[in-house]
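Nothing in this text is a laboratory measurement; each read-out follows from the coordinates by a stated rule. Fair warning: this is a prediction, and the values are worked out from it, not measured in the lab. Cβ: placed from backbone, ideal geometry, glycine included. Neighbour counts: every protein chain shown.
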Amino acid sequence: MGMRLVMHRWSGGIGLEELLEVSDVVSLHCPLFPETRGTICASKLDRMNPSAFLLNTSRGPLVVEQDLGDALNAGRIAGAGVDVLCVEPPAGGSPLFSARNCAITPHIAWSTREARERLMGVAVENLALFDGPRRRHVVA
């Protein structure tokens, strides 16, 4: 059976539950607000396919870590990759540290060699242009 690719920017057009039910990979890219805190909890994880993966590179508290750890350990979902945790740096650990099929990166996934080179290039360019007639990347 092949993997279904469902690309959808969830904005309420279809229900989140339906989106979770039909997705093989759920990748979170949203801000943390009081109304988004704990969006992915036990009831939402239960709606996902056992072969599905959850990715969170936005904000840790969007996911209830204990619920995700429980779902992974019980095999209710296939795996998770997170670049963010509820508490950073983790104080006393996270249930995800011992969860099955969970990859955790230290919130520096943006930090590829290319991204760092581009960042340094912009900084050098800004310094070179600082006293000149034209400026870039000015924040007023």
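Given contacts defined as C-alpha pairs under 8 Å and at least six residues apart, what's the relative contact order of the chain, whole-number percent? Computed over the chain, the figure is 17 percent. Please check: in the Gaussian network model of the chain (C-alpha springs, under 10 Å), which one of V84, V124, V26 has the largest mean-square fluctuation. Among V84, V124, V26, the largest mean-square fluctuation in the Gaussian network model of the chain belongs to V124. Using a ≥ b ≥ c from the Cα gyration tensor of the chain (square roots of the eigenvalues), is it rounded, prolate or oblate, where a/c under 1.5 gives rounded and otherwise the larger of a/b and b/c decides, a/b for prolate? Here the chain falls in the prolate category. Residues T57, T39, T112, ranked from the fewest to the most other C-beta atoms within 10 Å, line up as T112, T57, T39. Comparing A42, A74, A115 in a Gaussian network model of the chain where C-alpha atoms under 10 Å apart are linked, the largest mean-square fluctuation is found at A115. Potential lengthening of the chain between C30 and V122 amounts to 30.5 nm, from the contour at 0.36 nm per residue minus the alpha-carbon distance. Once the chain from S111 to E21 is taken as fully extended at 0.36 nm per residue, the excess over their C-alpha distance is 29.2 nm.
Apply 1/(1 + (r/R0)^6) to the Cβ-Cβ distance of A103 and A74, taking R0 = 22 Å, and write down the FRET efficiency to the nearest 0.05. Once the sixth-power term is evaluated, E becomes 0.75. Highest average first, the peptides 94-100, 66-72 ordered by how many other beta carbon atoms sit within 10 Å of their residues are 66-72, 94-100. If you run the Gaussian network model on the chain, springs between alpha carbon atoms under 10 Å, then out of G75, G93, G121 the most flexible one is G121.
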